[in-house]
Amino acid sequence: SFYDAYIRAICSPGDTSIYTGIVTFNTYNQGYFLDWDNSCPSGGFIDISSTGTSITLNDEDEYPVTLQFPIFFQGTLYTNATIGNNGALILGTTTAQVPAANTSMNVAPNGLYPFWDDSASSGNGLWFQTIGTAPNRKFIVLWDKDRVGAGGNTIRFELIVEEATQEIFYVYEDVITG
């Protein structure tokens, strides 16, 4: 939840101090910017290829998704997203485009980019799933795709967002394409 508050310092009875504000805070215990480390999620790589929703995307396609819990990212709460074939999740829209080239990172929309590169429509698949029970659910997107120009070698990686902590993990199982 987000809260806006006005603050008034009362120094003595009858004080005429003015209110100060708006002070904004949230219950996600996050600031507006992210910190990073190399820790792994508690469950490691979670294979959802047999339990998740399978998405069939052609080259350069995207898929809209309504999130089962909100994701707090860079000071904004998001409830929907676009999953792109090219290894990205764009937050706050169901109509985003995830281009093949990641050369324009400085103009990329708010999103999570675990392996933004040109992926082919071939490969084993693309899945998403929310697992667990509130408030400890995990939103997972698993890409198992052929990388364009990689001679048919697949890349297998996933994005995991934990509901309770709002931690975001990029987990790579196989990204060797040479």
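Return yes or no: is Thr82 assigned to a strand (DSSP E or B), of a type outside the set (A, V, I, L, M) and buried (at least 20 other Cβ atoms within 10 Å of the Cβ)? Quick ask: steps written out before the conclusion?
Numbers: assigned to a strand (DSSP E or B): yes; of a type outside the set (A, V, I, L, M): yes; buried (at least 20 other Cβ atoms within 10 Å of the Cβ): yes.
Here the answer is yes, as Thr82 does meet what is asked.
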- [ ] Considering only region 137-158, state which residues are at pLDDT 95 or above and assigned to a loop (DSSP other than H, G, I, E, B).
- [x] Arg137
TODO: Name every residue in region 59-79 that is more than 16 Å from Ile168 (Cα to Cα), free of Cβ contacts under 8 Å to residues at least 40 places away in the same chain and open to solvent by less than 60 Å² (accessible area, probe 1.4 Å), in order of residue number.
DONE: Glu62
TODO: List every residue pair whose Cβ atoms sit under 6 Å apart, with the two residues 6 or more apart in sequence or on different chains, where the first one lies in region 35-58 and is modelled with pLDDT of 80 or more and the second, anywhere, is surrounded by 11 or more Cβ atoms within 10 Å (Cβ to Cβ) and among the small types (Gly, Ala, Ser).
DONE: Ser54/Gly125; Asn58/Ser121
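The values are calculated or read from the model by the stated rules, or taken from the named source; none is laboratory data. A quick note: this is a predicted structure, and the numbers were derived from the prediction, not measured. No Cβ is skipped: glycine too gets one built from the backbone with ideal geometry, and neighbour counts run over all protein chains shown. To get the accessible areas, we keep the full protein, side chains included, count just its heavy atoms, and leave off ligands, DNA and RNA. Shrake-Rupley method; radii C 1.70, N 1.55, O 1.52, S 1.80 Å.
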